[in-house]
Structure formats: C-alpha cells, structure tokens
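Some notes on the structure that comes next.
Just so you know, all these numbers are worked out from the coordinates, no wet-lab data involved. Remember, it's a predicted structure, so these values are computed and weren't measured experimentally. Because the Cβ atoms are built from the backbone with ideal geometry, glycine has one as well, and the counts that use them run over all protein chains shown.
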Amino acid sequence: MSLYFALLLAGLAVVLALGSAGVALFAGREPRILRVASMPLLGLAGLATTFAGLFALLGDGSASTTLPLGLPWMPWHLRMDALSGFFLLVMGLVTCAVGLYGPSYVRGFERGRDSLAALGGFTGLFLVGMLLVVLADDAFLFMVAWELMSLSSYFLVAFQHENAANRRAAFLYLLMAHIGGLAILLGFGVLAAFGHGFDFDSMRAAELSPLWASLAFGLAFLGFGMKAGLVPLHAWLPEAHPVAPSHISALMSGVMLKVAVYGFIRVVYDLIGQVQWQWGVALLVVGSVSALMGVLFALMQTDLKRLLAYSSVENLGIIFIALGLGLLFQGTDHPTLAALAFVAALYHVINHALFKGLLFLGAGAIQHSAHERDLEQMGGLLRRMPWTGYFFLVGCVSISALPPFNGFVSEWLTFQAALQAWQLESGVLRSLIPIASAVLALTGALVAATFVKVYGVAFLGQARSRHVRRARPVPHGMRAGLGLLAGLCLLFGVLPTQIIALIDPVAELMVGSGVPQAGAQGWLWLTPIAPETASYSAPISILLLALIAGFAIWWFRRGKVRRIRRCDPWDCGFAPPDPHMQYTATSFAQPIRRVFALLFEIEESRPQPEDAAPRYRLKIGDRAWGLLYQPVARAVESASRRVVKLQSGNVRVYLGWTLATLLVLLWIIS
C-alpha cells in the first residue's frame, strides 16, 4: 500500500477533527450537537487515523509533501514513515473508543453551566495538534502543532474552571508545558545550527560533535520528559489529568504522553542519530525512579483518577527503561538486542494507551453513574454496573502484567532484553541493568497490589455511600467504548508475534535491525532471543487457564458441595457486617506506606479524645514539591521583588535602562 495514500488518510483525519471542532461551536445554542455531530466526527477522525497508521506500517519507505502554509520562506513539510504510522495507530485506536464513548458521556454536561462549545472545539483542536506533531517534517510545524496540542489541552483541563483547584492544575500544566516546549525549541536550535536548516532532512545531515550531540539529547530529554511526566518533572500530571473530563483524561494519558515519546524517539534516534551509551544510562536511571515512585504514589491515593494519573508516571518510566536499554545496546554495538528493547518500548507504548484509556473511561463511567471518584465511598459496584466491572477488570489485569493480556507481553520483552546484559563488556553496565530489572520487578508487584486495592474496594464488598448504592449501568455507547479497548487488550496479548511483526519496520527504520526471530517458531510461540533461551505462548496460557477454571467449576459443583446447608455465619454475638467493617483503600496501603515512609511527606492526625468525635486524617504529599518546585518558586518570587525596584515611575530612568540594554546588545553582536 502506498504511503502517499496513508498520508492522504492522515490528512482526512485532520480535516475531520477540524470539522468536529467547528461543528462544536454551535453546541452553545443547541447542546445536542456535541453528541450527535461533533463526537461522531471525532470518532471518524480516529478511524481514519487508525487506517492511516496501519497502511503506513504495511508500506515501505516514506512519503512526504509540502503545504503552502506557515512562513513565506518556511512552508510546512509533512512526512509519513513507519514511526509516524505506529503512533498514528496508537492515536487512532484510543480516539475510536472515545468517539463511541463520548456521546453518552457528554450528555451529562448538557444540563450544566459549562461551555459545551469549548469542550467539543478544544477536543477537536487537541486531536489536530497531536496529528500534526506526528506528521511534521520540520521544526517550525512541529512547534506550532506542539503548542496547539498544549494550549487546547490547557482549556480542556480548565473546562470546569469554577473550581479553584482546576484553575491551579491548568496553570501548572500550562507553565510546565511551555518550559518543556522551550527546551525542545533550544534542542531544535542546536540541530538547525549545524544542519543549516529547520527541516528535518537538514537536521539529519548535521555533523555534531559528541558534546553538541549530548547537549541536544539533554534538551530533548528535558522537554519531552517533562511532557511525558517523568520524575521529578511529573508534578503537573497528577494535578491535570484528574480534573479533566474522563474522555479527555483518556486521550491525555493514553495518547498525549505517547506523543512526547514519539518526539523523543524522532529527535534522538532519527535527527541526532549518533547514539551514545551514556544516554542509555540516564534513561535507565530516570525511568527506574519514575516507575518506582509513580507506582508508590499511585498505591497511596484514594482518588481513582489521581491514582490512574500516578500510574501513568509509572508506565512511562517502564517505557523509558526499555528505551534506555535500547540506547545502551545500540551504543555498545549490539543492534539485535537494541532492536528487542526498542520493540519492547513500542509494545508498551500501545499497551499502555489501550489499558490506561480503558481504565480512565471506566473511571468516567463510575463518575457518570455513581457521581464518585473517592475509593473510600465506593463498593459493590460490580452488582450495579456489571459490564463496567468486567471491562474494568480487564484493564486491571492488563496493567498488572498478567497473562494472557497485553501488559504481560511488553514487560516480559523488557525483562528478556535486560537479561542479555551479560553480553556487555563493561562490568558497571552489567551491574546497573540487573538493578534496574530488580526495580522493574518490584514495580510490577506494587502495581498488582495497587489494582487489587482498586478493584476490591470499588467493585466488591458493600456500597459505602448512598449515591453509590443508587448507581445504574451506563448507556450502551459508553459500554461499546470500554468493550473495544478491553477486546484490544486481549487481542494484543494473545497475538504478540503478529503485533511484533507490525512493529518490526519501525525498529528497522530507527535502529537498523529488527527482531525476525520473535516469530521464527510460528504464530503460536513468541521467541524474542531464541527458542532455547525463552519462549511464551499466549494461546496455550489461555488453554491452561480454561482447564484450571473448568476443573475448579467441576469441583465446586460436585454433589457433595450441593448438599451443604447454607445459613448465616456465626458472628460471635456481634451485629451483622456493614460497610464500615470493610477494608478501605487507605488501610490496604498502610503496610507499604510504613515501609516507604521516607519517600513521602506524611501528615497524620490521630483520633481525638473520648469527649470528641473520633477523626482520622491522612495527607500524603510529594517530596518533589519541597525539594525542587518550592525552592524555584521562592527564588522567582525573591528575584521579582528585587526587579520591581526598577519600576521607579521616572521616565528618564526607563530611558536609561533602555539605552544601557541597547549598548550591551550592540557590544554582544559586534
């Protein structure tokens, strides 16, 4: 299939997304337009994006074109290749699910005071920005699209702006997005200075010294890492994602964070090209810290959407661990191992988009039906929202990396790449990679504990509040969106060899090598290194699980079990169980909180004396605020107080400062 056709489909997706934004402007007068026109157009844009990505992955080479837009001497350049196609596929799958889910979900906003025109308009522009970032082939269009993506998502975060916390989260997000954008712009400036042009072809031809290449890498890592939410640049993420509407949270976490990964891969692997193994060490360390800290903070949360936001920090850490392994192997001349680690990173990119999109949409379904985000107020939702409960369970199992779902495959591939550290000559690197692997293993165990807590507290047991007891199943459209992502989580876990074959052209383009041995034993067995080293078969895993489940059902349905008399259990003379006797989300996480207490800022108030009502309050803060952000804020405030003294009100003083600045600039230029 010609890549020009894929580029044409991507252009159609941009037009449909713009159409969705334009139609939404009429939702202010007629609210139903948002769900009957704007959201379906968004879903069609997602469908076109999905097929564009598939055709690009199945095609060969690249396709490019120039649009008569932008500046007179700098038109917009568009390019479609395997890397663009892969991220378009990621974007399209999640957007299709949001297109199915959105019409029923946004109905709940029609009776509110919030602007539906703003919600639909900025959602369409948000998708346009992400599409153009992936298609851009010059720095100018890339930065224009990047700013469009950041600004439109700012307005979506601030959608319910009556709440002061929402305005604060939106401001923090916008501030850090622009700091990251400035770092990316400086990185492009380094490449453009040596390439003598702002188009990516000129940057690819640039000859950089190791020092300048490392500087460009550092700026790209800072800018894209800030947008990806890596520790310690993650502070905006748990503030912004929870306050946005849930289908926007799914797009931000499932897609926007992956656009940051795309930008990093495009700059480092494609534009810089001269990979150094030291960069892999930096990614490995930051990724490991992000994965561990992200899951620890997720485990401590009781707000469901905030918990999922911190979980995104953890998953982006896993992606950057795999990318770090890839850079290490590539920098030490092990291209096949570098390709394996790179494929593992991309596999986790699409896996995280699917199961995190599913979980955020599930959280939105709970909020839509039960009007609740606090886990401490939930319980028993599986009886009231069975389909949501089943689909949410698929997301929990997938994110916990349990077979046969998709999360297991990508993390298993990452471990398989890490286990090849013995092939490196450096003893330091052979010691560093096992440490990162141990952190990844600990992270996996904590993720499982986190989502056991989430599902057990929210869906099992008894309802803890009246509005949760009144919850009802969500409309069919919302179920369809959840079901699509749940089915894809299973499909991507059952057919890993086919998915890797689809991703392989991206590895060949970026790394120069693929992993053809992964499917050497046929579609039934995944063998990333060699059959004698390690292998995995998802279909056989499903068969074994089915046999175990069938045996368990047969065992418990035997005649002896049926003759057991059912009655109330002995309760030792106490009252029957009620919701207050259940485990809470806070008590579930208490043992791990005690172990890792030094990593948190914990404010804990004990119960009052007997003459007052007993109360227990717990506040868990992020030490990054006190160690990084607050000192910077105090320094800026101090500098501002000093600078304000320049504002004397005297025109002659202002003219003097202007003259002095002009003289300094002339001296620097000359």
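Things to note:
- Lys/Arg +1, Asp/Glu -1 at C-beta; the chain dipole; positive extreme among ALA530, LEU132, VAL243: VAL243
- Rg over Rh [alpha-carbon atoms, Kirkwood Rh] for the range 621-669: 1.26
- Cα-centred dipole magnitude for the chain, charges only on beta-carbon of K, R (+1) and D, E (-1), debye, nearest 20: 2680
- Cα centroids of the range 483-538 and the range 180-226: 33 Å apart.
- Length-normalised contact order of the range 1-106 in % [C-alpha pairs under 8 Å, at least 6 apart]: 35
- As a rough guide to protection, the peptides 542-552, 194-204 ranked by mean Cβ packing within 10 Å, highest first, stand as 194-204, 542-552.
- Calculated SAXS-style log₁₀ I(q)/I(0) at q = 0.13 Å⁻¹ - the range 89-210, Debye, Cα scatterers: -0.66
- A DSSP coil position with no more than 10 other Cβ atoms inside 10 Å describes the following trypsin sites (Lys or Arg not before Pro) in the range 1-75: ARG29.
- Cα-based Lys proximity count in the chain, under 30 Å, for pairs eight or more positions apart or on separate chains: 14
- The alpha-carbon atoms of the range 447-528, seen along their principal axes, cover 58, 31, 26 angstrom, with the largest extent given first.
- Relative contact order (%) - criterion: Cα under 8 Å, at least six apart; region: the chain: 11
- Pairs of alpha carbons in the chain whose separation is greater than 32 Å (percent): 52
- Peptides 143-150, 433-440 ranked from most to least packed, by the mean per-residue count of other Cβ atoms within 10 Å: 143-150, 433-440.
- Amide hydrogen neighbours beyond the local backbone of GLY380, cut-off 5 Å, H modeled: PHE459, LEU460, GLY461, GLN462
- Put simply, when 363-374, 631-642 are sorted by average Cβ atoms within 10 angstrom per residue, most first, you get 363-374, 631-642.
- Percentage relative contact order, the range 361-440, counting C-alpha pairs under 8 Å, at least six apart: 14
- Residues whose placed amide H lies under 5 Å from that of GLN521, excluding near-sequence neighbours: THR527
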